[in-house]
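What follows is a set of notes on a single structure, which appears directly below.
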Amino acid sequence: AADNVAFTPLWDQQRERVLISHGYCDNGAQAVEVLRRGSRWETKTVWTNSKLRMVHSNAVLAGPTLLGVSDTGASLAVGVDVRDGRTLFRQRHKPSNFLYGGKDQILGLDQTGRMTCATISQKGLSAKWTQKVLDSKSWTAPSVSDDHLLIRDDSSIRVFRIAG
């Protein structure tokens, strides 16, 4: 069956692979090598992980961990080791869209407009703080431009300066 890729593909520069996730089929997340053979381009699936099947969220790459929310009914934050595709953790976690904030921290924005800062390890996520930042439904992933964080809900766009 045909399927779409549910989030903007990520480039794993260290391993030179594209990371994708399918939400409506059994493949889930995949690492794909793109190879040039003479005048032809070829792809090779390196690994597949059916535990991370993303539909309405984005993913982040935090070191060797691909982090996303698997939308298979339980809304679980799932960490996948990008080196071999093995599942590192699955845990309940409210934010549905993530933004990588540093070596071991992420920012997450849930659909109710709450932002959470959490630490990430290969064992899971641990929330440090949560703050209401939007007034209504938010299904859009946060964006960063220079030192500004842009978020939006269904009626407004907010810009925050990221302190260094």
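Structure notes:
- Put simply, the convex hull of the Cα atoms in the chain casts, on average, a shadow of 10.8 nm².
- Overall, the accessible surface of the chain at a probe of 1.4 angstrom is composed of carbon and sulfur to the extent of 48 percent.
- Mean Cα-pair separation over length for segment 16-126, i.e. relative contact order, pairs under 8 Å, 6 or more apart, %: 17 percent
- Once backbone amide H atoms are built at 1.01 Å from N, LYS137 has ASP154 as its partners under 5 Å, excluding neighbours fewer than 5 places away on the same chain.
- Only the Cβ atoms of Lys and Arg (+1) and of Asp and Glu (-1) were treated as charged; on that basis the dipole of the chain about its Cα centre amounts to roughly 300 debye.
- Placing +1 on each Lys and Arg Cβ and -1 on each Asp and Glu Cβ, with no other charges, gives segment 83-164 a dipole about its Cα centre of roughly 380 debye.
- Trypsin sites (Lys or Arg not before Pro) restricted to DSSP loop in segment 125-158 with at most 15 other C-beta within 10 Å: LYS137
- Per residue value of the accessible surface for segment 1-113 (all protein chains in place, 1.4 Å probe), Å²: 52 Å²
- The residues SER39, SER70, SER143, sorted by heavy-atom accessible surface at 1.4 Å with ligands and nucleic acids left out, run SER39, SER143, SER70 from largest to smallest.
- Counting lysine pairs in the chain whose alpha carbons fall under 16 angstrom apart, excluding pairs fewer than 8 residues apart on the same chain, gives 6.
- Around LYS94: net Lys/Arg minus Asp/Glu count, Cβ-Cβ under 15 Å: +4
The values are calculated or read from the model by the stated rules, or taken from the named source; none is laboratory data. The model shown is predicted, which means the values in this text are computed figures rather than measured ones. All Cβ positions, glycine included, derive from the backbone under ideal geometry; neighbour counts span all protein chains shown. Keep in mind that these areas ignore ligands, DNA and RNA; they rest on the heavy atoms of the full protein, side chains included. Shrake-Rupley method; radii C 1.70, N 1.55, O 1.52, S 1.80 Å.
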